[in-house]
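Some notes on the structure that comes next.
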Amino acid sequence: MGLQEVRIRPLAPSHLESIIGPDRTERFEAVADAVSKLLADRMVLNVNSTATGGGVAEMLQTLLASVCGFGIDARWLVIEGSSGFFAITKRIHNHLYGMPGDGGPLGRAEHEAYEATLSANARQLVALVRPGDIVLLHDPQTAGLARSLRGAGAHVVWRCHVGLDTQNDRSRLAWDFLRPYIEDLPAFVFSCEQFAPPWLPHESLFVIPPSIDPFSAKNEPMSIPDAVRVLQRVGLLSGDADQSPGAFSRRDGPAGHVTHRVELFDTGPPPPPDVPVVLQASRWDVLKDMGGVMSGFAEHLTDMGSAHLVLAGPSVEGVADDPEAAEVLAGCLAAWRDLPRAAQHRIHLACLPMIDVEENAAILNALQRHAKVVVQKSLAEGFGLTVAEAMWKGRPVVGSAVGGIVDQIVDGETGSLLDDPSDLATFAHLVARLIADPAEAERMGRNGQRRVSERFLGDRHLQHWAQLVARQIH
């Protein structure tokens, strides 16, 4: 087993000033400076289970770059585990969302396998950690490391990015599995307060919403003509792109260029640039309900005008800690084959290349900017950063009223909330209404961009963390 350290390139403390303004920047820098002095020579170590794929990895890149920019010793390590380990942690993940997942057990054998993998990782981590260091463990994959790290004298905080609005028998089973590893920790962080289990002391609970990076390859400015050219180049729109490859910013080094094509699985020729696109972009995860989005769109095809639907996710080989992705994608493709021919021509499943994660992000940036409506019809959701990302680009979002999506979308103002994710008729109506009313879609998009700027950028996020770290040290 070998821990992987993810390289972090520091960002200047003032990098957000062009967006948040000088006054807000000054307040942010004052908080960061105070925390830097408080930490002195302590290390802040983040530990998770993947360097690429999903919102956690993306957030860590940006947030730790800002922290390092203030001269704080912030590091990021990724644990290693077998396919069997990740099958167990995916089962826990699904149960925390109240879903059965693969239907397997969470008993003594699973505890033993889970602990064996984390013991090997813990031995390497303990050798790196000094007494007084801050260790932030992310999600169920890392919970079993807490005891060893506390024994080494570290201040340990567990951050859970997933959860269920109302606990059920499955989520309680998952919490029963995790509880022995984390119950005596001094601090827990959730995206939403209701995700916390009832046995967790309220004084130990911190609620910290995630954030986006407006300058990353996924969110940086991109004109609509440039977005069209990128999508033509990768095969998501018809037509020939010019010969200049789509350029995007890299965190470290010269600009990158989009060169790899997406995989469309023969789900019909891509739409032309002048046809409206409805987009859901997420992992191939049963909780994202890509199949439900497809069914809702297909069953109400005549209400959608000439719009096409694109369901986009990462290449299933590119996300190491998600063993169910290939199965979910296969299920979506089987469902697509059963659709009427008219619907098949207007629904496209695409895997975005993961050879270069920043190229993947640039393609998604182009997709979100070109889409007329972005949807996130999750059955359960920890936060759903794709919502904030789309809102940042001025796109109206139709999302399920679950988890952190409710904290992002103001119904009727920045998008539309779907009270019941299984109500496909209402889902289709909300999407069709925005397609048919561009002025309303534009109004919601403007409001959404303003809300993200006010609530979901890195300075707000890091100020919450600063308060937590200060309390742990004192």
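The values are calculated or read from the model by the stated rules, or taken from the named source; none is laboratory data. Because the structure is predicted, anything quoted here is derived from the model rather than measured. Cβ placement follows ideal geometry from the backbone for every residue including glycine, while neighbour counts extend to all protein chains displayed. Just so you know, the surface numbers come from the protein's heavy atoms only, side chains and all, with ligands and any DNA or RNA stripped out. Shrake-Rupley method; radii C 1.70, N 1.55, O 1.52, S 1.80 Å.
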Could you please let me know if Asp420 is surrounded by fewer than 24 Cβ atoms within 10 Å (Cβ to Cβ), of a type outside the set (Val, Ile, Thr) and part of a helix (DSSP H, G or I)? no
Of all residues in the stretch 1-18 being more than 22 Å from the chain's Cα centre (by Cα) and outside any loop (DSSP other than H, G, I, E, B), which is nearest to Gly458 (Cα to Cα)? Glu17
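If I filter the stretch 162-210 down to residues being part of a helix (DSSP H, G or I) and among the hydroxyl-bearing types (Ser, Thr, Tyr), which single residue comes out as farthest from Ser453 (Cα to Cα)?
Of the residues in the stretch 162-210, the ones part of a helix (DSSP H, G or I) are 169-182, 193-195, 202-204.
Right, trim to among the hydroxyl-bearing types (Ser, Thr, Tyr) and you get 171, 181, 204.
On the way: Ser171: 33, Tyr181: 37, Ser204: 29 Å.
If we take residues in the stretch 162-210 being part of a helix (DSSP H, G or I) and among the hydroxyl-bearing types (Ser, Thr, Tyr), then Tyr181 is farthest from Ser453 (Cα to Cα).
Restricting the search to the stretch 186-198, which residues are open to solvent by 10 Å² or more (accessible area, probe 1.4 Å) and either in contact (Cβ under 8 Å) with a residue 24 or more places away in the chain or β-branched (Val, Ile, Thr) (or both)? Talk me through it step by step, then tell me what you get.
Quick first cut of the stretch 186-198, residues open to solvent by 10 Å² or more (accessible area, probe 1.4 Å) only: 186, 193-194, 196, 198.
Passing the criteria: Pro186, Gln194, Ala196, Pro198.
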Do you know which of the residues in the stretch 65-103 that are part of a strand (DSSP E or B) and either acidic (Asp, Glu) or open to solvent by 20 Å² or more (accessible area, probe 1.4 Å) (or both) is nearest to Glu381 (Cα to Cα)? Arg75
When both residues are 6+ apart or on different chains and their Cβ atoms are under 9 Å apart, which pairs have a first residue that lies in the stretch 93-116 and is within 14 Å of Gly144 (Cα to Cα), and a second that is open to solvent by 50 Å² or more (accessible area, probe 1.4 Å) and among the polar types (S, T, N, Q)? Ala113/Ser82
Tell me, yes or no, whether the stretch 449-471 has at least one residue that is open to solvent by 10 Å² or more (accessible area, probe 1.4 Å), more than 25 Å from the chain's Cα centre (by Cα) and free of Cβ contacts under 8 Å to residues at least 40 places away in the same chain. no
What is the one condition in (1) of a type in the set (A, V, I, L, M); (2) open to solvent by 30 Å² or more (accessible area, probe 1.4 Å); (3) closer than 18 Å to Glu442 by Cα that Ala342 does not satisfy? (3)
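Kindly establish whether Gly53 is surrounded by 21 or more Cβ atoms within 10 Å (Cβ to Cβ) and assigned to a loop (DSSP other than H, G, I, E, B). Reasoning before the result, please.
On the way: surrounded by 21 or more Cβ atoms within 10 Å (Cβ to Cβ): yes; assigned to a loop (DSSP other than H, G, I, E, B): yes.
Judged against the criteria, Gly53 is a match.
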With the requirement that a residue be touching a Lys or Arg at 6+ places or on another chain (Cβ under 9 Å) and either of a type in the set (Val, Ile, Thr) or open to solvent by less than 10 Å² (accessible area, probe 1.4 Å) (or both), what does the stretch 391-414 give you? Met391, Pro396, Val398, Gly399, Ser400, Gln408, Ile409, Val410, Thr414
Scan the stretch 389-417 for residues that are part of a strand (DSSP E or B) and hydrophobic (A, V, I, L, M, F, W, C) and report the count. 3
Scan the stretch 297-316 and report the pairs whose first residue is within 19 Å of Ala350 (Cβ to Cβ) and open to solvent by 20 Å² or more (accessible area, probe 1.4 Å) and whose second residue is at pLDDT below 95 and assigned to a helix (DSSP H, G or I), with Cβ atoms within less than 6 Å and a gap of 6+ or a chain change. Val316/Ala325; Val316/Ala326
Residue under question is Val277, and the condition is that it be open to solvent by 20 Å² or more (accessible area, probe 1.4 Å), of a type outside the set (S, T, N, Q) and either touching a strand residue (DSSP E or B) at 6+ places or on another chain (Cβ under 6 Å) or over 18 Å from Asn360 (Cβ atoms) (or both); does it hold? no
Being at pLDDT below 95 and either within 30 Å of Arg42 (Cα to Cα) or assigned to a helix (DSSP H, G or I) (or both) narrows Ala439, Ala466, Ala428, Ala432 down to just Ala466
Could you check, for the stretch 328-339, whether at least one of its residues is of a type outside the set (Lys, Arg) and part of a loop (DSSP other than H, G, I, E, B)? yes
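Of the residues Ala74, Ala109, Ala113, which is at pLDDT 95 or above, touching a Cys at 6+ places or on another chain (Cβ under 6 Å) and aliphatic (A, V, I, L, M)?
Numbers: Ala109 fails: touching a Cys at 6+ places or on another chain (Cβ under 6 Å); Ala113 fails: touching a Cys at 6+ places or on another chain (Cβ under 6 Å).
Among Ala74, Ala109, Ala113, only Ala74 is at pLDDT 95 or above, touching a Cys at 6+ places or on another chain (Cβ under 6 Å) and aliphatic (A, V, I, L, M).
Picking from Gly55, Gly71, which residue would you name as being touching a residue at least 40 places away in the same chain (Cβ under 8 Å), among the small types (Gly, Ala, Ser) and touching a Ser or Thr at 6+ places or on another chain (Cβ under 9 Å)?
Details: Gly71 fails: touching a residue at least 40 places away in the same chain (Cβ under 8 Å).
Going through Gly55, Gly71 in turn, the sole match is Gly55.
Results for (1) crowded, with 22+ Cβ neighbours inside 10 Å; (2) within 25 Å of Leu16 (Cβ to Cβ); (3) in contact with a Ser or Thr (Cβ under 6 Å, 6 or more places away or on another chain); (4) without any contact (Cβ under 8 Å) to a residue 40 or more places away in the chain, shown as yes or no for each residue.
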site	(1), (2), (3), (4)
Tyr181	no, no, no, yes
Leu205	no, no, no, yes
Ser216	no, yes, no, no
Asn219	yes, yes, no, no
Leu231	yes, no, no, no
Val234	yes, no, no, no
Gly239	no, no, no, yes
Asp242	no, no, no, yes
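Step by step: first the residues of the stretch 250-264, then only those that are open to solvent by less than 50 Å² (accessible area, probe 1.4 Å) and part of a loop (DSSP other than H, G, I, E, B), then the one that is nearest to His348 (Cα to Cα). Which residue is that? Even if it seems obvious, please write down each step before you answer.
Of the residues in the stretch 250-264, the ones open to solvent by less than 50 Å² (accessible area, probe 1.4 Å) are 253, 256, 258, 262, 264.
From the residues that got through so far, the ones that are part of a loop (DSSP other than H, G, I, E, B) too are 253, 258, 262, 264.
On the way: Gly253: 34, Val258: 20, Val262: 11, Leu264: 7 Å.
Per the stated criteria, the residue is Leu264.
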